[in-house]
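Peer 1: The following block contains the structure, expressed as structure tokens.
Quick note: the coordinates plus some simple rules give every number you see, no bench work behind them. Only a predicted model underlies this, so the values are computations on that prediction, with no experimental measurement involved. No Cβ is skipped: glycine too gets one built from the backbone with ideal geometry, and neighbour counts run over all protein chains shown.
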Amino acid sequence: MATPSFAAGAYASIQGMGAGNLLRKPIASSGAESGSTDFSALIGKALEATADAGRKADTQSASVAMGRADVVDVVTAVAESEAAIETLVAVRDRVIAAYEEIMRMPV
């Protein structure tokens, strides 16, 4: 089981990935695909949601340190952040596996 310090370290690592820079990149969409979502937009939203969960955990931790919040709220926020990071890592692993499979295909 992960500790709060592990989750905080994972959050710090996610911040270094530059999620904000990915979201600022303009996404081109064609008129023929109206209603469909671009994969890069989905990944960008997932990165932003993961970063938001980490920020919420940080805010809750600071609130507990100042005596303004309950420890249960911090544990909940850290658990949500951990789940978001684990999900993001699982998706990354699947994307890498798919890429490797495509690269093994004969041309």
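Peer 1: By how many nm would the segment from Val107 to Val95 lengthen if fully extended, with 0.36 nm per residue of separation less the alpha-carbon distance?
Peer 2: 2.3 nm
Peer 1: So for Val107, Val91, Val78, fewest C-beta neighbours within 10 Å to most, what's the order?
Peer 2: So the residues, fewest neighbours to most, are Val107, Val91, Val78.
Peer 1: Let me ask something else. What is the magnitude of the charge dipole of the range 38-107 about its Cα centre, with +1 placed on the Cβ of each Lys and Arg, -1 on the Cβ of each Asp and Glu, and no other charges, expressed in debye to the nearest 20?
Peer 2: 100
Peer 1: Here's another thing I want to ask about it. Within the set of other residues whose C-beta is less than 14 Å from the C-beta of Met66, count the net charge using Lys and Arg as +1 and Asp and Glu as -1.
Peer 2: -2
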